[in-house]
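Below is one structure, written out as structure tokens, with a few remarks after it.
The values are calculated or read from the model by the stated rules, or taken from the named source; none is laboratory data. Keep in mind that what you see is a predicted model, and the values were worked out from it rather than measured. Here the Cβ positions follow ideal geometry from the backbone for every residue, glycine too, while neighbour counts run over all protein chains shown. Heads up: the accessible areas ignore ligands, DNA and RNA and are worked out on the full protein's heavy atoms, side chains in. Shrake-Rupley method; radii C 1.70, N 1.55, O 1.52, S 1.80 Å.
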Amino acid sequence: MGIPFVDLKAQYKTIKEEIDRAVFEVIESTQFIGGKKLETFETNFARYTDAGYAVGASSGTSALHLAFTALDIGKGDEVITASNTFIATTEAITHTGATPVLVDVDDDTLTIDPEKVEMAITDRTKAIVPVHLYGQSADMDAIREIARRHSLKIVTDAAQAHGASLNGSRKAIQGDATCFSFYPGKNLGAYGEAGMIVTDDGDLADRMRRLGNHGSADKYTHTEVGFNYRLDAIQAAILDVKLEHLDEWNNRRRSRAKRYDEGLRDRPVRLVPEGPGRHHVYHLYVVRTADRDRLSEELRKKGIATGIHYPVPLHLQKAHADLGSGKGTFPVAERAAKEILSLPMYAELTDDMVDEVVAAIADILG
Ligand SMILES: Cc1ncc(COP(=O)(O)O)c(C=O)c1O
């Protein structure tokens, strides 16, 4: 039968009635843009993340672009982020006119290395963008300290980390602005494109909301040139239903991860550990082996789907050739890119399925 990498149908089956009702209510109301469903979801998501304000966006990428723009980041500025993230992080920086400055990552957690951040700071640096990769927080205490000393903003890319926390606090993983993606496969996934920014700064929230709505607070009054980056009501209604289940799904992901950890402990693979104080929500469960390509191919033959997040670090992507960082610049990220393999991970994964993946890996690698 095989084990898919994610199974969105399995999740839908468990909440079908609630979802169908919520979607139907939006259609009946014909309030497709803005309105009560959006306001309710923003309020509930702000409460869930323990943030002062939540501003809906049309995707995680537009959420990042809105945050950078509202913080007046633009031409001549530099923004530091990790080389092993999805390109959306650097696209959003580049589209403001600023320059992404990539740095290497911690060899264990694969999140941004604070020491490397500090070394990359120049008098043009405006912000740091830690990415909470795979579902666990970057080393936010160290990054906050660096940002404070150099008067830099922090925009956190939490696209993969809904519900993650640090030292028991969801606020502790946040920056001046924190951006989430609700891409369908995420821990909290829409049925299309959607995103969100949370912040404790009311003026920043207002500006992001205005910018995402054509620079307009009142219809046909445009105080600055903005974007159409609104989160639509059908997605908000779906996400609001799913938010109620998020903690339960994240707990299931954690228990799946624990079962993988135990099963793989004595196998020739390296695990990505949960960092100190971090509550990992396992958007992705990643193992490392020098034999990655063979492992993924043999698993595929056994009907087990896997992914690679991400196979080419951003400094080696053609799109960023202008940044001028060739092979060998970020050795930790480069080695990881050759070794990492994401195993099936979702709340509906059964014990038997995890055990089948573990047994297959044992069979292939010994
Ligand atoms: C780390 C990271 N940043 C940004 C994004 C962009 O989010 P979206 O696809 O919703 O634009 C994603 C997800 O795709 C992501 O994983």
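Observations
- Only one residue of L8, T30, I87 has its Cα farthest out toward the positive end of the dipole of segment 1-112, where Lys and Arg carry +1 and Asp and Glu -1 on Cβ, and that residue is T30.
- For the chain, the dipole from Cβ point charges (+1 on Lys and Arg, -1 on Asp and Glu) about the Cα centre works out to 360 debye, to the nearest 20.
- Build a GNM of the chain with springs between Cα atoms under 10 Å apart, and of S62, S137, S216 the one that fluctuates most is S216.
- Nonpolar atom fraction for the chain, defined as the carbon and sulfur part of the 1.4 Å probe accessible area, stands at 50 percent.
- For segment 8-243, the orientation-averaged shadow of the C-alpha convex hull comes to 12.8 nm² (one quarter of the hull surface).
- Among beta bridges that DSSP assigns inside segment 1-139, antiparallel share in %, nearest 5: 10
- Placing unit charges on each Cβ (+1 for Lys and Arg, -1 for Asp and Glu) gives segment 8-243 a dipole about its Cα centre, and among A120, V155, M196 the Cα reaching farthest toward its positive end belongs to M196.
- Between A10 and D293, the modelled label-to-label distance comes to 3.0 nm, taking each label 7 Å out from Cα in the direction of the beta carbon.
- Of the beta bridges in segment 8-243, as assigned by DSSP with both residues counted there, near 50 percent are antiparallel.
- A359-N251 pseudo-label distance in nm [points 7 Å out on the Cα-to-Cβ vector]: 2.9
- 1.4 Å probe accessible area per residue over the chain, in Å²: 44
- Range of Cα positions in segment 246-365 per principal axis (Å), largest first: 47, 33, 23
- Among V272, V286, V131: highest mean-square fluctuation, GNM of the chain, C-alpha pairs under 10 Å: V272
- A Gaussian network model of the chain, with springs between Cα atoms under 10 Å, assigns the largest mean-square fluctuation among A54, A63, A147 to A147.
- Cross-link pairs K258/K302; K126/K338; K186/K258; K9/K171; K116/K153 - those with Cα-Cα distance over 25 Å: K126/K338; K9/K171
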